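The values are calculated or read from the model by the stated rules, or taken from the named source; none is laboratory data. Keep in mind it's a predicted model, so treat the numbers as computed, not measured. Neighbour counts are summed over all protein chains in view; Cβ atoms, including those assigned to glycine, are modelled from backbone coordinates with ideal geometry.
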4 protein chains.
Amino acid sequence: MTTYPRPVLEEVARTREVVARLHAELPRWGLVVWTAGNVSQRVVVDPRHGPGPEDLLVIKPSGVTYDELTAEAMVVCDLDGNLLEGDRSPSSDTAAHAYVYRNMPEVGGVVHTHSTYATAWAARGEPVPCVLTMMADEFGGDVPVGPFALIGDDSIGRGIVETLRGSRSPAVLMRNHGPFTIGRDAVAAVKAAVMVEEVARTVHIARQLGPTVPIDQNHIDSLYARYQNVYGQNLTEDRS
Amino acid sequence: MTTYPRPVLEEVARTREVVARLHAELPRWGLVVWTAGNVSQRVVVDPRHGPGPEDLLVIKPSGVTYDELTAEAMVVCDLDGNLLEGDRSPSSDTAAHAYVYRNMPEVGGVVHTHSTYATAWAARGEPVPCVLTMMADEFGGDVPVGPFALIGDDSIGRGIVETLRGSRSPAVLMRNHGPFTIGRDAVAAVKAAVMVEEVARTVHIARQLGPTVPIDQNHIDSLYARYQNVYGQNLTEDRS
Amino acid sequence: MTTYPRPVLEEVARTREVVARLHAELPRWGLVVWTAGNVSQRVVVDPRHGPGPEDLLVIKPSGVTYDELTAEAMVVCDLDGNLLEGDRSPSSDTAAHAYVYRNMPEVGGVVHTHSTYATAWAARGEPVPCVLTMMADEFGGDVPVGPFALIGDDSIGRGIVETLRGSRSPAVLMRNHGPFTIGRDAVAAVKAAVMVEEVARTVHIARQLGPTVPIDQNHIDSLYARYQNVYGQNLTEDRS
Amino acid sequence: MTTYPRPVLEEVARTREVVARLHAELPRWGLVVWTAGNVSQRVVVDPRHGPGPEDLLVIKPSGVTYDELTAEAMVVCDLDGNLLEGDRSPSSDTAAHAYVYRNMPEVGGVVHTHSTYATAWAARGEPVPCVLTMMADEFGGDVPVGPFALIGDDSIGRGIVETLRGSRSPAVLMRNHGPFTIGRDAVAAVKAAVMVEEVARTVHIARQLGPTVPIDQNHIDSLYARYQNVYGQNLTEDRS
């Protein structure tokens, strides 16, 4: 990484801190067990720093427990998923994160979990229907299902991008696998990971005892537009 | 707020402490994720202090995490929801809280969450039937459902007040949205928020495997009357 | 309490410590919310200390949160439920505890909760069937349901005693109300409260997707007999 | 144990630390209540140390709470389950652990819990179907059910070995009882105990609202082969 300009290296150091800290949110909200789950954030390489390398990503290493997740333990990869800096291998899901960054330039953060309720909808291959005002706010409609894809090449990344490109939803339920979420940075993607599990769980429980009441499409549109308008200046800002 | 008499300003300071501390109960009992949920308490402006301004309310600011909720972070609004004191915007649910305070003078505290089981009943638009003695004690009957209402005007507040005025229940399940609870102060409203999730969850689980046994109306009345009589002197006092 | 001999007063002091400490197990295992739930333990008054008063019980006061439960906060009652020592009123369930101690001399500890899954079976009025080896070990069969009973006289206590006298089960699900458990001391009753929720939850979940496999009655008898025989010397000792 | 060579005794001391520490993972991931559950690890006795005794195992004592589980509290047994070192009786499940070590020389760690969802499948006698990519990775197919077996002889151990020998799965659901898991060491067996509960729970929830989508057998084989190949060098290493 010696070819990268100093401002980029400083940004890498800051991003290591952010990504390490955000991993603590996954067990905190009950989204992961053991070493499962991963958070990444893009490091933008500004072309004004001269003709230089492409953007980078910071991600969790493979097989490290949530007790050990320090900034130093994080690893840095290029957007082809090659390890540039770090003592351990990057997460085995790095290829999927990297594909998203290469193909969705507006995305600055990606999160993957096997959170229980979201994964349960994924195992049935069924989208989560938008029957809660908080879903209209955050997802602007149903949470969609992506295709079944094997690990090992670009299949997972392609399935994420094909499902989320043009969708209001920042979350996709990859079939038989689990949720991937995106955001303008890692904190927004972590928030989407927390929210997708929350709505998957609430709608699941609602449906267990009978049909839910639909929300009119124009009300969904109105809630989503207001939420994006009021909070859209800062995508990481939350309301309550 | 310089026009307010000193006793009111002192009461505002005390209320900031109470409201900040009570917010910690929401994640503690699993009622909220991320920055969702909010607690408010009325500050009574005694007319004996001279012809002066109306009552105030202290509430959580918008988009602040539960780790940051100090007394200083709380914000103060008038009962039209206008920000009087505070560095951040008030919760986007402030209009609903303010409407309740304007129209139910006996209410001193309001809480809103998206707690999972209560919200699941709300998504079906179905009241929680009173089949537990603790429901008879605390709610005096079923937990009612309020109308669907969009955020942005007085619709949510009006739905809360129309449903709870004249009801024994301190909780309403706003359709497709979630529970709002009231009390003579914020601690009573928080207790009601904890209890509505507890009974929503227990009755949900009971109903999953078959019909529940109803409780006779006269038994419900008797349990409620006893509970209000014995504990009614101090609405914030709990029994066990 | 000045009429009680010194060894009894010392035993009261020790029992206050035990009962205070055991209350922490109720929120720890998720059996209670807010101030619900209570643990009591009998203090035996040995007649060899001279012609003196009857046995006592130590119990949680009414309406105290789980953060405040110190030995000093506990209250002492006689077996008619009258307060002998303490700054606050005894739990409103004291009459039920006292009735059990008066009528079941072998019982030294009583616990009451509204733990979710046990209360859900109680709301249907349905015993938990013995389909787990740990149920055969601990309960020796199904967990029985007791009658519906109003608070305010001996109805609840009588329902507990009539259901548990002659039963192998240390737990009864009072209809539309929740579980009461007994033991030779308070730790055994707390263990039974933890276990009844655990088996109520596991069997509930098992039954959600289809019928469970019954265990032969002679296998239940054999498991129960072995467990009582091996661990029977010390009823508070646990196996794993 | 004075007949054992010094390197074995040093390995026993290290194993006591490991087994004590790993017990903390069981309540951490919600797999146990009260004193239930146990972890053991084999201590290999190298025949090069001279003609000496057979392998040993370190396990939790019976009836000790999770707050008291220090290295000193662990007990050492031979592979017939006889206590060699320790102040308390070994876990009542020691015979089952010992049988597995005697009959599966490749196994270095065994875990037993009554974790809720895995035990629920066991109560129905139903294998957990492989409908999640993480199941294909970790279990290579369905999680199988073992026979009903009474405690007191080799029945449980025999049921475990007969079910797992030749299976890809490191977990068996003993009918009406609960899961046993194996691994090359105790940490791998603990990981399998965490994962079997996770997949039992996720598939349960998926199935509650309708049928799950099957994964093609060749995809299961491919996922399993890749996972074993990439992570197979070190069976205790995890991916994320």
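Details
- Matching residues, region A:45-71, being among the hydrophobic types (A, V, I, L, M, F, W, C) and more than 14 Å from chain D (Cβ to nearest Cβ): A:V45, A:L56, A:L57, A:V58, A:A71
- The C-beta contact set for region A:112-128 (first residue at pLDDT 95 or above, second residue aromatic (F, W, Y), distance under 8 angstrom, 6+ apart or interchain) comprises A:H112/A:F180; A:P127/A:W121; A:V128/A:W121.
- Scanning region D:204-236 for residues that are over 29 Å from A:P90 (Cβ atoms) and either surrounded by 22 or more Cβ atoms within 10 Å (Cβ to Cβ) or modelled with pLDDT under 95 (or both) returns D:I205, D:A206.
- Selection from region C:7-27 of residues that are in contact with a helix residue (DSSP H, G or I) (Cβ under 9 Å, 6 or more places away or on another chain) and free of Cβ contacts under 8 Å to residues at least 24 places away in the same chain: none
- Checking each residue in region C:83-92 for being part of a loop (DSSP other than H, G, I, E, B) and either closer than 12 Å to C:R165 by Cβ or not small (G, A, S) (or both) picks out C:D87, C:R88.
- Qualifying position, being polar (S, T, N, Q) and under 30 Å from A:A225 (Cα atoms), among B:N218, B:N176: B:N176
- A single member of B:E10, B:E54 is more than 29 Å from B:E197 (Cβ to Cβ), in contact with a strand residue (DSSP E or B) (Cβ under 7 Å, 6 or more places away or on another chain) and surrounded by fewer than 19 Cβ atoms within 10 Å (Cβ to Cβ), and it is B:E54.
- Looking only at region C:57-87, and only at residues there that are under 16 Å from C:T3 (Cβ atoms) and charged (D, E, K, R), the one that is surrounded by the most Cβ atoms within 10 Å (Cβ to Cβ): C:D78
- A:V145 being more than 18 Å from B:T119 (Cα to Cα), modelled with pLDDT of 95 or more and in contact with a Ser or Thr (Cβ under 9 Å, 6 or more places away or on another chain): yes
- Members of region B:118-128 found to be charged (D, E, K, R) and assigned to a loop (DSSP other than H, G, I, E, B), listed by number: B:E126
- If the condition is being surrounded by fewer than 15 Cβ atoms within 10 Å (Cβ to Cβ), basic (K, R) and closer than 20 Å to B:G86 by Cβ, then region B:13-51 contributes only B:R14.
- Filter result for A:V131 (out of contact with any Pro (no Cβ under 9 Å at 6 or more places or on another chain), within 14 Å of chain D (Cβ to nearest Cβ) and part of a loop (DSSP other than H, G, I, E, B)): no
- Residues satisfying the stated conditions in region C:93-117, i.e. surrounded by fewer than 22 Cβ atoms within 10 Å (Cβ to Cβ), outside any loop (DSSP other than H, G, I, E, B) and more than 14 Å from chain B (Cβ to nearest Cβ): C:R102, C:N103
- Hey, C:I205 among the aliphatic types (A, V, I, L, M) and in contact (Cβ under 8 Å) with a residue 60 or more places away in the chain or not: no
- Of the strands (runs of 3 or more DSSP E) contained entirely in region A:7-79, those carrying at least 1 residues that are of a type in the set (G, A, S) fall at A:38-43.
- Within region A:28-53, residues that are aromatic (F, W, Y) sit with their Cβ atoms under 7 Å from residues that are at pLDDT 90 or above and part of a loop (DSSP other than H, G, I, E, B), at 6+ positions apart or across chains, in these pairs: A:W29/B:V33.
- Given (1) in contact with a helix residue (DSSP H, G or I) (Cβ under 6 Å, 6 or more places away or on another chain); (2) within 13 Å of chain C (Cβ to nearest Cβ); (3) over 11 Å from D:V190 (Cβ atoms), index of the condition D:R42 fails: (2)
- Highlighted here are the helices (runs of 4 or more DSSP H) found entirely within region A:137-240 that include at least 1 residues which are under 28 Å from A:V12 (Cβ atoms), within 12 Å of another protein chain (Cβ to nearest Cβ) and under 17 Å from the mean Cα position of the chain (by Cα): A:155-164, A:186-208.
- Just one of the listed residues (A:G159, A:G178, A:G183) is free of Cβ contacts under 8 Å to residues at least 40 places away in the same chain, closer than 20 Å to A:Y99 by Cβ and crowded, with 21+ Cβ neighbours inside 10 Å, namely A:G159.
- In the set (1) more than 30 Å from C:N218 (Cα to Cα); (2) buried (at least 24 other Cβ atoms within 10 Å of the Cβ); (3) among the aliphatic types (A, V, I, L, M), C:A120 fails one condition alone, (1).
- Failed item, numbered, when D:D93 is tested on (1) touching a helix residue (DSSP H, G or I) at 6+ places or on another chain (Cβ under 6 Å); (2) in contact (Cβ under 8 Å) with a residue 60 or more places away in the chain: (1)
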